[in-house]
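To keep things clear, I will list the structure first and then write my remarks on it.
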Amino acid sequence: MPRGGFSGSLRSPKVDVFIDMGDPFLNRTVDGFLKIGAVGACKVAAEETFECLHRGSVSKHRIEHALKNMCKEGAYWGTVAGVYVGMVYGVERVRGRSDWKNATIGGALSGALISGASNNHKHKIIKDAITAGAVATAVEFINYLT
């Protein structure tokens, strides 16, 4: 039975939040959702702030619109990240190894799943799977170098 818990720490410039769901798979998935979802929401906040500054006006309607977009983008980005992190963890558990191949396979599976959920055609799903696998692999190698 998952148990809820919350802990956090603030060390400049890193903010780390951990929610214990009682299962490593759920912990990683929720962590990915929250962290990348926050990035998506911040992206929209920056864009909307720029737009308000550019127009020179702020209205209640514009703020409501910005908040809706922040939630929508945060949820989308978080969902994509949660699916990816969950896939990588699942592949790691099945393979019994922790290496770059997990990112490649997890990225490809995530790309295919998300593309398929968007009602894309077979060729687009394959292209998205290849792209997501390649991006995940590149990120893994870049993280290894730094």
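The values are calculated or read from the model by the stated rules, or taken from the named source; none is laboratory data. Note that the structure is a prediction, hence the values are computed from the model and not measured. Note: ideal-geometry Cβ built from the backbone for every residue, glycine included; neighbour counts use all protein chains shown.
Per-structure values
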| item | result |
| --- | --- |
| Criterion violated by ALA129 - all others in (1) aliphatic (A, V, I, L, M); (2) part of a helix (DSSP H, G or I); (3) out of contact with any Leu (no Cβ under 9 Å at 6 or more places or on another chain) satisfied | (3) |
| Selection status of TYR144, part of a helix (DSSP H, G or I), surrounded by fewer than 13 Cβ atoms within 10 Å (Cβ to Cβ) and of a type in the set (Phe, Trp, Tyr) | yes |
| Subset tally (residues that are more than 16 Å from PRO24 (Cα to Cα) and of a type in the set (Val, Ile, Thr)) for the stretch 94-109 | 2 |
| Hey, ILE126 modelled with pLDDT of 90 or more, within 16 Å of the chain's Cα centre (by Cα), over 19 Å from ASN27 (Cα atoms) and not small (Gly, Ala, Ser) or not | no |
| Unmet criterion (only one of (1) under 23 Å from the mean Cα position of the chain (by Cα); (2) under 22 Å from THR29 (Cα atoms)) for ALA45 | (2) |
| Considering residues of the stretch 56-100 that are of a type in the set (Ser, Thr, Tyr) and assigned to a helix (DSSP H, G or I) only, the residue surrounded by the fewest Cβ atoms within 10 Å (Cβ to Cβ) | TYR76 |
| Single residue of the stretch 6-32 satisfying the filter (surrounded by 11 or more Cβ atoms within 10 Å (Cβ to Cβ) and over 18 Å from VAL91 (Cα atoms)) that is modelled with the lowest pLDDT | VAL15 |
| Flag if ALA117 is closer than 20 Å to GLY37 by Cβ, at pLDDT below 95 and exposed (fewer than 12 other Cβ atoms within 10 Å of the Cβ) | yes |
| Criterion violated by GLY111 - all others in (1) surrounded by fewer than 20 Cβ atoms within 10 Å (Cβ to Cβ); (2) free of Cβ contacts under 8 Å to residues at least 24 places away in the same chain; (3) in a helix (DSSP H, G or I); (4) not assigned by TED's automatic domain parsing to the domain that holds GLY32 satisfied | (1) |
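Conditions (1) closer than 17 Å to PHE25 by Cβ; (2) free of Cβ contacts under 8 Å to residues at least 40 places away in the same chain; (3) assigned by TED's automatic domain parsing to the domain that holds GLY133; (4) under 22 Å from the mean Cα position of the chain (by Cα), marked per residue:
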| site | (1), (2), (3), (4) |
| --- | --- |
| GLY56 | no, yes, no, no |
| SER59 | no, yes, no, no |
| ILE63 | no, yes, no, no |
| ALA66 | no, yes, no, yes |
| CYS71 | no, yes, no, yes |
| ALA75 | no, yes, no, yes |
| GLY78 | yes, no, no, yes |
| TYR89 | yes, no, no, yes |
| GLU92 | yes, yes, no, yes |
